[in-house]
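Right, one structure below, let's go through it.
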Amino acid sequence: KLPCFLEVPNDKVFAGSKVTAVYEVHRPNVGLVGNSSTATATVTGSTPIDLLPPSLVAPAINPIDVLAYPKGVTVRIEYLGAQKEDRARLVEVNPPAGSPQFPLVEFNSNKRVNTVLSPAFLAARHGKEIELFWNLHGNGGQAGKSPATQMSVLKIADGDSRLPSPKVPQAPDDKVLDLNTFEGNADVTVLPWIGISTDNIVTLKLLGKATDNSDCTIPILTNHKITEAEKTSGIKEILMREQLLTLKHDTELKVYFEVLPSPASNLAPIIFPPLNLKLLKVPLVMLEDFETGTEGGVPSGTVIDFPSMVVTVLNGYASIKTQYYTPPFITGKYLYFAPGGTLRFTLKRPAKSIRFGSADASNPPLRYRCYDENIELVKAGSTPVSERPIDVWVEITETPNRTIKFIDITDGRSGSRIDNFSLYY
């Protein structure tokens, strides 16, 4: 094989143009026996320029941990021969579909161009290899192309603690969601995360057990595209009380949240740390039957401590007795206080509503006054009027948005027995 060289005069081509060449093979007495493929070349006005590949700027290191750089990482282009009119553009090899190109940027005084790869850019490529090069532009066109640099973006691990966990404000301890502690619906929030963008597609749901003990999923957001407002404020969605009531009391709840960085990135979703809660539906109730008390007289001014309350004899005489037994109202030990006496019951935990058993001849009746923690009256009432001893449940019903801390109970005229408090929280 013998090479054949053909020189083309400079005045036949011009910078920035493309030239093509084809050759044919002829043989004597035969003629044309074949022709070549077309060769294409770009005509430049100068000798090809050797350009350095782009580099990652410290403190970032390769492989790149997306969550370690909440402001992104910087890629540097450097060309010491840059002229005033020269520009540089970073280029990604095989970017995800729809990705915008990097801007054309002039060199700074140090002959450099710094380009930030945002957290959103990196998150959309987590678990992938990326390849970057840059193009030099000058004299109205592309003047050079650098070799490529390959970088690895680490996969964001499922449940990475640097990602925010969903929150339910009505469960401030992140442990128990008690429907008895608030009215109306609950909220589910997620703070903005590293790499949040309007390309993100999110799924938010609650997992638990239904009242029949079957698995239950309550969708909150499905294939939701992040909005501009959510980029700065995060997510806040309503969890309907009606939906929560379909779940089993005391069930374990899991609030699950995942993010697909970009529908075009062909990546697995990022799984955030879940929020695990216990659901309480049945009102919390504490019973106080005074069984921890010591039998005997209790003079005025005495303070008696019980598991759920403290009893103070404000005036008159009181005692802890066992002689009277009329279940379910009065059983075992009970409190007796003399005619006209007053007892104060200080609850260790404020209650929404209260029930207790009473036995007395109520004319005038036994009276009660309930106060909140600021000693402001919440509710007042009395037992039914009766000329003979009667046993009754005294029901102190709930007052919306109020709780009871103190109860003052005053006997009518015949002495009163009280027992078996139920405190509803």
Charge dipole (the chain, unit charges on Cβ, about Cα centre) - positive-most of Phe337, Leu104, Thr38 | Thr38
Report the full-extension gain for the segment Asp215 to Lys128: residue separation times 0.36 nm, less the Cα-Cα distance, to one decimal in nm.
-> 27.8 nm
Using θ = phi - 60° and the Karplus relation 6.51 cos²θ - 1.76 cosθ + 1.60, list the HN-Hα couplings for the range 395-411 in order, rounded to whole Hz, with x at every Gly or Pro.
-> 9, 9, 6, 5, 9, x, 6, 10, 10, 10, 10, 10, 10, 9, 10, 10, 5
Cβ-defined net charge surrounding Lys278, 13 Å radius [Lys, Arg +1; Asp, Glu -1] | 0
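Among residues other than Pro219 whose Cβ falls under 11 Å from its Cβ, what is the net charge (Lys/Arg +1, Asp/Glu -1)?
0
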Among (1) 1.37; (2) 1.21; (3) 1.06, which one is Rg/Rh (Cα atoms, Kirkwood Rh) computed from these coordinates?
-> (1)
Is any residue of the range 230-254 close enough, with backbone N under 12 Å, to a label point placed 7 angstrom from the Cα of Thr189 along the Cα-Cβ axis, and if so, which?
-> 233-237
Any idea how far apart Glu291 and Val30 come out in nm if each label point goes 7 Å out from Cα toward Cβ?
-> 11.5 nm
Between Ser262, Ser37, Ser197, find the one with the highest GNM mean-square fluctuation for the chain; connect C-alpha pairs within less than 10 Å.
-> Ser37
Taking only C-alpha pairs under 8 Å that are 6+ residues apart, what is the relative contact order of the chain in percent?
-> 11 percent
Under a Gaussian network model of the chain whose springs join Cα atoms within less than 10 Å, the largest fluctuation of Pro28, Pro59, Pro70 belongs to Pro28
Under a 10 Å cutoff between Cα atoms, tell me which one of Pro273, Pro263, Pro339 has the largest fluctuation in the Gaussian network model of the chain.
-> Pro339
Does anything in the range 172-206 have its amide N under 16 Å from the 7 Å Cα→Cβ label point of Ile238, and if so which residues?
-> 183-189
Straight-line reach from Lys111: which lysines have Cα under 29 Å away, leaving out those fewer than 8 places along the same chain?
-> Lys71, Lys84, Lys145
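None of the figures in this text is laboratory data; all of them are computed from the coordinates on show. Bear in mind the structure is a predicted one, so any value in this text is a computation, not a measurement. Every residue, glycine as well, gets a Cβ built from its backbone with ideal geometry; the counts of neighbours run over all protein chains shown.
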